[in-house]
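A short worksheet on the structure shown next.
Every number in this text was worked out from the coordinates using simple rules, so none of it is lab data. Small disclaimer: the values here were computed from a predicted structure and weren't measured. Positions of Cβ are backbone-derived with ideal geometry, glycine not excepted, and every protein chain shown enters the neighbour counts.
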């Protein structure tokens, strides 16, 4: 008897649980359908979202530009630091081929040297072609010859020792490690990145201040709501929570729109540069700015800016509510 | 229930708006607070509602000294006091039903737990067919009744009404007064701030008259 009724009891229990769950779900849905306590955006609220979108767009563009400049400067430095040149000037009684071979052997003997390539006569003639025209006979002119030395940028060779050994074994050979150029470029790149970072800091400060003032402006129209909630017995954390959530969502909405617009601009530039790779203007732009890609760090920065601006609007609305409530009480 | 002893109040460095005000509001009592405009009726109501602190004197509300009530305690204390503002202070983006249910909603109660009570209350104040209407569509009298319903939804111990008949015609004023008398019979103390002599003459109730910042009581 007991065995027969037990499954039935379990079924009844299960049915009751399902009904209770359905009721809870229905109650939750009904609660969700209630009008939000904070009124929908008015003119000031919409202006706030627009201002946040514009300022986020400009901030993200600045951030992307700084990322681009930083990456490009780093590439310039690395590319130049990857090479050194040995130049051998012709002199009377100098066997150029032997001098070139000796110099290459000296250079190749140092650790940190990845390769040492002699620029052959044909390649040298091609280099001079823009100035001296085609059909140049190298034997007629005392043209210096070059050896391109490939360098490991991390484990750089001892240039002073190499220079001394070259002077001893190959008279007339001059080693140029491009130090002067690299130093100048490093200084230029550092100052460019510093300027970019300063502009970014100014831009972010301006964005933060604009967000704060726009949020306060939008909050000003909600004074009566805070007052009514306060007088019907709502506790300060409840009121602050309502406004915080509303303004964080509004702030994130504006910031996301601005951030997305900035990302679209970068994607368009990247697409343009990739479609102009083999053209003179494309090569010129690529030489200056790389491939216009802001990379993962740029996209993460945009996402971070959106989150920060959302948090900033939430904090501003929270502080405004608490200040307003304190003013009512006194 | 509420006791004032030699209470004085001034705004900033200005003159005293209220001087040596002393009275006792017993439970289930009914009284008018009267006096010419600008004599401090609203200020006295704000003191009763604890949105102002006296500059001197003692106020005892529900057995607690006002000066010892902290900011955190105020919302809980206020739930025992219903207030009807002269300008109604309804939220225009919420329906009449949502406005009336607001005190319960802010307490975090589930909507299903109070829906029936709020609808019943709306029917009692004659707004049963206007519960899904937004306040800008309501007439002055309907707004006033919605504001009264909101003040009563938590079944307060005392109802404070600031010029509840100020914006309605005499017929509706009588109807609202009957509503408040009925409420008082059900156990809620009522304080009506008004300068409408005609309204006061309709009920034999205690009159508290403010004049020159001082309070005179006529039982």
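Results, tabulated for the structure shown:
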{"quantity": "Pairwise FRET efficiency - residue A:187 versus residue A:47, Cβ, R0 = 45 Å, nearest 0.05", "calculated": "0.50"}
{"quantity": "Helix A:236-275 vs. chain A, principal-axis angle (Cα, 0 to 90°, nearest 10)", "calculated": "30"}
{"quantity": "Residue exposure sequence - A:88, B:148, A:54, A:296 - by fewest surrounding Cβ within 10 Å", "calculated": "A:296, A:54, A:88, B:148"}
{"quantity": "Average projection area in nm² (convex hull over Cα atoms of region B:4-133, one quarter of hull surface)", "calculated": "10.3"}
{"quantity": "Inter-chain Cβ neighbour average for residues A:35-41, partner chain, 10 Å", "calculated": "3"}
{"quantity": "Mean Cα-pair separation over length for chain A, i.e. relative contact order, pairs under 8 Å, 6 or more apart, %", "calculated": "29"}
{"quantity": "Euclidean distance of C-alpha centroids, region A:79-147 and region B:63-113, integer Å", "calculated": "90"}
{"quantity": "Helix B:111-124 vs. chain B, principal-axis angle (Cα, 0 to 90°, nearest 10)", "calculated": "80"}
{"quantity": "Shape category assigned to region A:130-254 from the gyration tensor of Cα positions, a/c cut at 1.5", "calculated": "prolate"}
{"quantity": "Residue A:169-residue A:82 FRET efficiency (beta carbon distance; Förster radius 22 Å; 0.05 resolution)", "calculated": "0.35"}
{"quantity": "For chain B, alpha-carbon Rg and Dmax in angstrom", "calculated": "17.3, 50"}
{"quantity": "Helix B:96-105 axis, angle to chain B major axis (alpha carbon atoms, nearest 10°)", "calculated": "60"}
{"quantity": "Prolate/oblate/rounded call for region A:51-107, Cα gyration tensor, a/c under 1.5 rounded", "calculated": "prolate"}
{"quantity": "Per-residue [θ]222 nm for the protein assembly as shown (sum of -39500 (n - 2.57) over DSSP H runs n ≥ 4, rounded to 500)", "calculated": "-19500 deg cm²/dmol"}
{"quantity": "Convex hull volume of region A:118-200 per residue (C-alpha atoms, cubic angstrom)", "calculated": "154"}
{"quantity": "Within 10 Å of each Cβ in A:195-204, the average number of Cβ atoms from other chains", "calculated": "0"}
{"quantity": "Per residue Cα convex hull volume in Å³ - calculated over chain A", "calculated": "295"}
{"quantity": "Residue mean of other protein chain beta carbons inside 10 Å, B:89-97", "calculated": "4"}
{"quantity": "Three-way shape call for region B:1-66 based on the alpha-carbon gyration tensor, with the a/c threshold at 1.5", "calculated": "oblate"}
{"quantity": "Region B:1-93: relative contact order as a whole-number percent, Cα under 8 Å and 6+ apart", "calculated": "31"}
{"quantity": "Projected area, mean over directions - region B:50-89, Cα convex hull, nm²", "calculated": "3.6"}
{"quantity": "Label point distance in nm, residue B:178-residue A:209, each placed 7 Å from Cα along Cα→Cβ", "calculated": "6.4"}
{"quantity": "Relative contact order for region A:77-190, counting Cα pairs under 8 Å that sit 6 or more residues apart, in percent", "calculated": "46"}
